[in-house]
Each structure stands twice: as structure tokens, then as C-alpha cells.
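Okay, here's the structure, questions in a sec.
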Amino acid sequence: MPVPNPAAMEFFLTRRSRPAKILRPPVPMREELIPILTAAARVPDHGKLEPWRFIVLEKPTLTRLAALAETRGAQIGLDPDRIAKGVMQFADADLAVAVIFVPRPTEKVPHIEQVLSAGAVCLTLVNAALASGWGASWLTGWHVHDPDFCREGLELEEGEWVAGLIHIGTENTAPPERPRPDIAAITTWVST
């Protein structure tokens, strides 16, 4: 007989990412972030490959990355508004965790399962931060898809890429609720 966990279920039914632009200090201290990262690493990981790693980006690094985003955006000819959006993602942040996909060579675990594991880390990191009382948001952007930005700014190795930038902080205003999926419209029941 299953043993329900009503508090956990209530959390999942009401969880809500917080827009990164509303997150402010204080942010988790290192000792507060360790259990959040530990929870994030407890995801399905077929073959125990750990096809992901974390880079914790603190304020001085975020400031450096904002400047690099401005430079790289201009170098690759992006629209000024798009550049500004990428810059602000770093300039306005006080703490972010970059979840880095690290492909592992193996014949036993398909590449896509490794990718999905990295995505699971991102969502679990957001949920662990929320469950710890922080606001959190999972973002990406043009900059994390730019190999030169990732190599120079995050020192990524060949084949690595950013699965998500998880912004964590204190929310100063609660965002309005948004429409949720119609479960009946997206669910097919198969019984034969």
C-alpha cells in the first residue's frame, strides 16, 4: 500500500518558478547551497555516469559575464535589445548555478538519456531551492548557445554545453499565477 506524502504533493501542485529579474539578495551562502546541489544530483542517472556538473556563479563572476555578453553580442552582430537582455541576465543576478551537460562516452546509455538527466538536474535544482525557501528560475539564452562565450566565460571543455542557468535568490514580489496545462487535453489513456 502506498504511503502518501501530502506535503510533498502540495509542494509540486503549487510550485512556481520565480522570474530571475525579481530575485535579490540575500542569496544562499555556500553551506546553504550544498544541500540544494546535493538534492539536484539525486536524479535518474542511468549507468551512474553523472553527465553534468555545476558551476556556481557569484556576483563578481556574473559581472564579468555581463561584460562578456555585451562584447560577444556585438561581435556576432546581435540586435541591441537581444544583447541587452543577455547582459541583464547576468548583471541583475546575485547568484546563479550553471548546470553543465558533460557527455560521457558509453555504449550502454544513449546520449539522449544523458541529456534528459541534465534537464532533470536543472528542474530538481529549481525545486530544491524553492523547497528551501528561496526563489529560483531556470533560464538559458543566446549567450549559453555561443561556443566562444562558453569557452571564454565558463571555461567549458569540448562537447560540454549549458543545460541551464539556475538563478537563486530572495523574491521581493510574488509573480501572478499563470494558466496551467489542461490535463484532459494532453493525456491519452491506453488500456488495451
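Would you say residue 69 is part of a loop (DSSP other than H, G, I, E, B) and touching a residue at least 60 places away in the same chain (Cβ under 8 Å)?
In short, no.
Something else: Does residue 84 fit the bill of being small (Gly, Ala, Ser), modelled with pLDDT under 95, farther than 28 Å from residue 45 by Cα and outside any strand (DSSP E or B)?
The answer is no for residue 84.
Hey, can you tell me all the residues within the stretch 36-52 that are outside any loop (DSSP other than H, G, I, E, B) and either at pLDDT below 95 or exposed (fewer than 13 other Cβ atoms within 10 Å of the Cβ) (or both)?
Of everything in the stretch 36-52, those that are outside any loop (DSSP other than H, G, I, E, B) and either at pLDDT below 95 or exposed (fewer than 13 other Cβ atoms within 10 Å of the Cβ) (or both) turn out to be 38, 46, 47, 48.
Search the stretch 55-89 for residues being within 17 Å of residue 162 (Cα to Cα) and among the small types (Gly, Ala, Ser), and hand back the single one that is surrounded by the most Cβ atoms within 10 Å (Cβ to Cβ).
69
Quick grid of which residues meet (1) closer than 25 Å to residue 23 by Cα; (2) assigned to a loop (DSSP other than H, G, I, E, B):
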{"site": "148", "(1), (2)": "no, no"}
{"site": "162", "(1), (2)": "yes, no"}
{"site": "168", "(1), (2)": "yes, no"}
{"site": "178", "(1), (2)": "yes, yes"}
{"site": "188", "(1), (2)": "no, yes"}
{"site": "191", "(1), (2)": "no, yes"}
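So residue 17 clears everything in (1) closer than 13 Å to residue 127 by Cα; (2) polar (S, T, N, Q); (3) surrounded by fewer than 17 Cβ atoms within 10 Å (Cβ to Cβ) except one condition, right? Which one?
All conditions are met except number (3).
The values are calculated or read from the model by the stated rules, or taken from the named source; none is laboratory data. Just so you know, these numbers come straight off a predicted model, no measurement behind them. FYI the Cβ positions are ideal-geometry reconstructions off the backbone, even for glycines, and counts take in every protein chain you see.
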